[in-house]
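The values are calculated or read from the model by the stated rules, or taken from the named source; none is laboratory data. All values reported here derive from a predicted model rather than from experimental measurement. With ideal geometry, Cβ positions are generated from the backbone for all residues, glycine too; neighbour counts draw on all protein chains shown. For the accessible areas, the whole protein counts, side chains as well, though only heavy atoms, and no ligand, DNA or RNA atoms are used. Shrake-Rupley method; radii C 1.70, N 1.55, O 1.52, S 1.80 Å.
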Amino acid sequence: MKRWYIISFFAIGILFSIAYYASYRVTMDKVEMPPISNNITEPITYIAAENVKEAIIQNNTTYIIEYYSLIENTISQEIIDVPSEVVGFNRKKLTDYIQEYMENLPEEERKAGLISYELTTFSEDKVIVRKTYSTPKIEYTFYLDVQMGKVIVRQVSDDTLYAYTEIKFADLPENLKQEILSGKYIENIEELYEFLETYSS
């Protein structure tokens, strides 16, 4: 009797094992396993640097000049038309342009006390440059121009002719020629007379 009990116990164990294995196989057959591959079939796409769009100043770019006074600790803004000479510039070209401006500073800017000119914001939509002055802004009365090869004097207030001179533009020193072409401003009548006495023949 004992032997039949042991045989029955083993038989039941074998039946349970067969049933477990059969259910395991049926479950695994129903589950879809993704194929394992060490090969990359999708190509990797790289964007070439030259294909990245670079911000360029356009005619419709908002161009803002900030004026900062160190003396008064005040700042003001002026929205102007985009200067024609900077249309098409990228950030580097505009930075170079500003640097060249400071290296060849116009006389009126020097007298006004311009000590710094920098680019603060640059995008295709908006450009902001800042000019920093260390002295109060000077109100000029006259500026010099050239007509028919001779220097003339114009009034700043209404841009009208103030005086003709007999000073020949071609006879002036090169640095003064550049100042006049860039905008040579005269603060008052005393300074104008001093210039006329110095360069009149």
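Miscellaneous remarks
- Candidates 117, 140, filtered to the one that is touching a residue at least 12 places away in the same chain (Cβ under 8 Å), open to solvent by less than 40 Å² (accessible area, probe 1.4 Å) and within 30 Å of residue 60 (Cβ to Cβ): 117
- Of the numbered criteria (1) closer than 24 Å to residue 186 by Cα; (2) out of contact with any Ser or Thr (no Cβ under 8 Å at 6 or more places or on another chain); (3) at pLDDT below 90, the one residue 103 fails is (3).
- Failed item, numbered, when residue 71 is tested on (1) closer than 29 Å to residue 194 by Cβ; (2) part of a loop (DSSP other than H, G, I, E, B); (3) under 24 Å from the mean Cα position of the chain (by Cα); (4) of a type in the set (A, V, I, L, M, F, W, C): (3)
- Test result for residue 183, at positive phi, open to solvent by less than 50 Å² (accessible area, probe 1.4 Å) and touching a residue at least 40 places away in the same chain (Cβ under 8 Å): yes
- Restricting attention to segment 162-179 and to residues that are without any contact (Cβ under 8 Å) to a residue 40 or more places away in the chain and either among the β-branched types (Val, Ile, Thr) or more than 15 Å from residue 196 (Cβ to Cβ) (or both), the residue that is most open to solvent (accessible area, probe 1.4 Å) turns out to be 174.
- Residue 156 meets each of the listed conditions (1) surrounded by 17 or more Cβ atoms within 10 Å (Cβ to Cβ); (2) free of Cβ contacts under 8 Å to residues at least 60 places away in the same chain; (3) under 30 Å from residue 77 (Cα atoms); (4) not aromatic (Phe, Trp, Tyr) apart from (1).
- Qualifying position, being closer than 19 Å to residue 109 by Cβ and part of a strand (DSSP E or B), among 162, 185: 185
- Only a single item in (1) within 30 Å of residue 60 (Cα to Cα); (2) over 29 Å from the mean Cα position of the chain (by Cα) is not met by residue 175, and it is number (1).
- If you go through segment 89-131 and keep only what is of a type in the set (Asp, Glu) and under 19 Å from residue 181 (Cα atoms), you end up with 100, 103, 107, 108, 109.
- Failed item in (1) open to solvent by 50 Å² or more (accessible area, probe 1.4 Å); (2) in contact with a strand residue (DSSP E or B) (Cβ under 9 Å, 6 or more places away or on another chain); (3) among the polar types (S, T, N, Q), with residue 134 passing the rest: (1)
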